[in-house]
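Working notes for the structure below.
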Amino acid sequence: MLRYALIFLVIALIAAALGFGGLAGTAVGIAKLLFYIFIILFVVGLIMHLVRGNRVV
């Protein structure tokens, strides 16, 4: 998911450099959304790992 956020960020930077404002804004919005979702999932996964600990099943 972080990979997709970076891809959309690169698309936004290229579109902004070429003067495509609408496309750049859309790509930035998608990149931000994917980045925030990635961060939330990372934090939840980290908390779950710390809560579980190293229990042997």
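Rule-based calculations on the coordinates, nothing more; no lab input. Given the structure is predicted, the values throughout are model-derived calculations rather than measurements. Heads up, the Cβs are rebuilt from the backbone with ideal geometry, glycines too, and the neighbour counts pull from every protein chain shown.
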Check your understanding: What number of residues within the stretch 34-48 are touching a residue at least 24 places away in the same chain (Cβ under 8 Å) and within 16 Å of LEU9 (Cβ to Cβ)?
Key -> 4
Revision key, fill the gap. In the stretch 19-43, residues that are part of a helix (DSSP H, G or I) and more than 15 Å from LEU2 (Cβ to Cβ) total 9
Check your understanding: How many residues are surrounded by 14 or more Cβ atoms within 10 Å (Cβ to Cβ) and closer than 23 Å to ILE40 by Cα when one looks only at the stretch 7-26?
Key -> 5
Practice item. Residue by residue through the stretch 44-57, note down the ones that are outside any helix (DSSP H, G or I) and either of a type in the set (S, T, N, Q) or surrounded by 10 or more Cβ atoms within 10 Å (Cβ to Cβ) (or both). Key: ASN54
Review point. Pairs, please: C-beta under 8 Å, at least 6 apart or cross-chain, first residue among the aromatic types (Phe, Trp, Tyr) and in the stretch 1-29, second surrounded by 15 or more Cβ atoms within 10 Å (Cβ to Cβ)?
Key: TYR4/LEU34; PHE8/ALA27; PHE8/VAL28; PHE8/ILE30; PHE8/ALA31; PHE8/LEU34
